[in-house]
Amino acid sequence: MVESWSFLDTVESNFRPLVVIELAKGTKEETIEWFTKRIVDKKANGGAQLLIKPLVTENGVENIYLVGASHLRLLLGAETVGLVKECSDNSMRTFTYSSRKTFKHFADDNHNFLTMAECQYIIKHELENLRAKDEKMIPGYPQAKLYPGKSIVRRLLTSGILVQIFPLHDREELKKLCHSWYGRVKVGYQPLDDIRCYFGETIALYFGFLEYFTFALIPMAVIGIPYYMFAWEDYDKYVMFATFNLLWSTVLLEVWKRICAILTYRWGTLLMKRQFEEPRPGFHGVLGINPVTGREEPVYSSFKRQLRIYLVSLPFVCLCLYFSLYVMMIYFDLEQWALDYHKENESNFSSLMLYVPSIIYAVVIEIMNRIYRYAAEFLTSWENHRLESSYQNHLILKVLVFNFLNCFASLFYIAFVLFDMKLLRQSLATLLITSQILNQFAESLLPYWLQKRYNRRMKKRMCSKKSDMDLSLAEQVNMEKEMGTYLGTFDDYLELFLQFGYVSLFSCVYPLAAVFAVLNNITEIYSDALKMCRVYKRPFAEPTANIGVWQLAFETMSVISVVTNCILIGMSPEVDALFPDSKMDLVLTVALVEHLLLAIKFIMAFVIPDKPRDIQMKLAKLEFESLEALKQQVRAFQMQLHFVLICH
């Protein structure tokens, strides 16, 4: 490293605050001095070699610190985290400082070579990799134990000494992004590259999937409108619509894989190497040695974890599923009451009352989903998973199973037990529309209103009538630290997953489901963009190459939709009339058709490549060049070794 800094050497003119660290009020001076010294210390001494300075306000120095880094430090950090950038020959390669001149748009004085999101990601990585050396505890806090190799930031967080770390907004860039993204109503694509530069690949990929899914729903919506209006009892069109639905759900997901590969190759994350996962902050256990890294870290028995999963978590989930079914039966009692009331009165009011049970049930479903989510998070955390990926997989599994049963059990019961297609259409429409309205209100409108109200109070308290662009740095930090924290794309993907279920499972019974999904998603794009830019703190960028486990979840839902649509077709009076003598022949025929459609589905998934041909060739070329470079290194080492042996 060419540059070095003395303790709190942050007064240089090119200091650019990128990340905010907020410590708890009353944090001891010796703790602050030790922590800040570790941040600015050289890498050779176990520090992060970053720049840091306290935030000075009218009230003096608060326990808020701004973190930045020199241009050289960020470039070396880009090599450490394995960022992939575009070269002058238009190929994508892992950035190395030694070959920096070969990358497009690189210049020693070009400080925009790395996006602000990439710089903040590098700083986050360096802070998280600050590790204890020979300290046994955090200075000033004997109860906060440390051991060699323990992440200092994670210990500070779990001890309550560190309140939060978040990246700062760039007000100028944010204003430009807001204008091009949601500032004006337009028919066109989202600025995904700009979103990626500002928020990172994970969020950009979510909005890319949301946009793609919305466009993919349009053919279903276009076909569904005339079918709904003119062909309710036309069996031939009914079968055609169901068949189109099955093919659509397969092609939709396979084409998305290709689009995802194109986007992530252009952004460089398709080539990024998967980093070794550290234990998650909430993981605890007896101190032991990691056999892979050789470092000391907590060790927890997998047998104990399995006992917690199968003896506590699994029974609890089953109990919640039983309670969900019990609530569903209460809903059917209400439906029967509303039907009896309508038969007795037959008025406009009684006709409206027919929809009341479904609306109440939809609201109850949303409430149960949210309460269960908190319980699932608590249980999954209590299971004490070592890795964040394992924690997320167990949490997603719990939430998906409950949400699937909670949202769709009543529809399956109506379709395959009550055989009431009219009630199925009514329930599907009510559940879909009500859930969309509730989600828009709870996830976007309410948080936006609360945040706007808070900002108004903050500006009055600061005696300032400035616009966001005119806020001082101290005012900006104080406003942003009180904003809500964006918890990731989990809830957003879950909402799309349930919507996909409503559209694909029973859309042949209610073709307008795709129409309402398109309308909801158009407003969802704008409302989600608004909450990302105005409601929440800026999240750290997280490189990703795909939508992860959600791809498998959507594919599983599409397989279930094949089964449900085949059974619905088999239950129709027209098909039933073809087998007047033997119901077993009908069942076998439906099963055969279902197996054939599944076979076609899997063949299509196999035939359609996950990556376009040109990207496959580029990846193969990079792999070949990497192998050749490795061979040259081996040859050079062998020649040096041979020379040494000759000399001796």
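The values are calculated or read from the model by the stated rules, or taken from the named source; none is laboratory data. Quick caveat: nothing in here was measured; it's all calculated off a predicted structure. In this analysis, Cβ positions are derived from the backbone assuming ideal geometry, glycine residues included, and neighbour counts consider all displayed protein chains. Side chains included, ligands, DNA and RNA excluded: accessible areas come from the protein's heavy atoms. Shrake-Rupley method; radii C 1.70, N 1.55, O 1.52, S 1.80 Å.
Descriptive notes on the structure:
- Screening segment 571-648 for helices (runs of 4 or more DSSP H) wholly inside it with 2 or more residues that are at pLDDT below 75, within 30 Å of residue 509 (Cβ to Cβ) and in the same structural domain as residue 415 (by the TED database) returns the ranges 573-577.
- Every test in (1) in the same structural domain as residue 564 (by the TED database); (2) under 29 Å from residue 285 (Cα atoms); (3) in contact with a helix residue (DSSP H, G or I) (Cβ under 9 Å, 6 or more places away or on another chain) is passed by residue 407 save one, and that test is (2).
- Qualifying residue in segment 387-398 (condition: open to solvent by less than 60 Å² (accessible area, probe 1.4 Å) and touching a Phe, Trp or Tyr at 6+ places or on another chain (Cβ under 7 Å)): no
- Meets criteria (more than 19 Å from residue 202 (Cβ to Cβ) and either in contact with a Lys or Arg (Cβ under 7 Å, 6 or more places away or on another chain) or open to solvent by 40 Å² or more (accessible area, probe 1.4 Å) (or both)) for residue 568: no
- In the set (1) crowded, with 16+ Cβ neighbours inside 10 Å; (2) assigned by the TED database to the domain that holds residue 550; (3) among the β-branched types (Val, Ile, Thr), the condition left unmet by residue 365 is number (2).
- Among (1) over 30 Å from residue 30 (Cβ atoms); (2) in the same structural domain as residue 31 (by the TED database); (3) open to solvent by less than 10 Å² (accessible area, probe 1.4 Å), the one test that residue 209 misses: (2)
- Qualifying residue in segment 574-584 (condition: more than 41 Å from the chain's Cα centre (by Cα), surrounded by fewer than 10 Cβ atoms within 10 Å (Cβ to Cβ) and among the β-branched types (Val, Ile, Thr)): no
- Restricting attention to segment 338-352, the residues being modelled with pLDDT of 85 or more and surrounded by 16 or more Cβ atoms within 10 Å (Cβ to Cβ) number 2.
- When residue 68 is tested against (1) surrounded by fewer than 19 Cβ atoms within 10 Å (Cβ to Cβ); (2) of a type outside the set (A, V, I, L, M, F, W, C); (3) modelled with pLDDT of 90 or more, only condition (1) is not met.
- Pick from segment 115-131, criterion assigned to a loop (DSSP other than H, G, I, E, B) and touching a helix residue (DSSP H, G or I) at 6+ places or on another chain (Cβ under 6 Å), ranking: least open to solvent (accessible area, probe 1.4 Å): 130
- Exactly one residue among 287, 325 is open to solvent by 60 Å² or more (accessible area, probe 1.4 Å), touching a residue at least 40 places away in the same chain (Cβ under 8 Å) and over 30 Å from residue 131 (Cα atoms), and that residue is 325.
- Identity of the residue in segment 535-550, assigned to a helix (DSSP H, G or I) and crowded, with 19+ Cβ neighbours inside 10 Å, that ends up modelled with the highest pLDDT: 550
- Qualifying residue in segment 45-66 (condition: under 30 Å from residue 472 (Cα atoms) and part of a helix (DSSP H, G or I)): no
- Whichever residue in segment 132-157 is assigned to a loop (DSSP other than H, G, I, E, B) and without any contact (Cβ under 8 Å) to a residue 40 or more places away in the chain and, among such residues, is surrounded by the fewest Cβ atoms within 10 Å (Cβ to Cβ): 134
- The condition of being open to solvent by 40 Å² or more (accessible area, probe 1.4 Å), farther than 27 Å from residue 528 by Cβ, at pLDDT 90 or above and of a type outside the set (S, T, N, Q) holds for residue 413.
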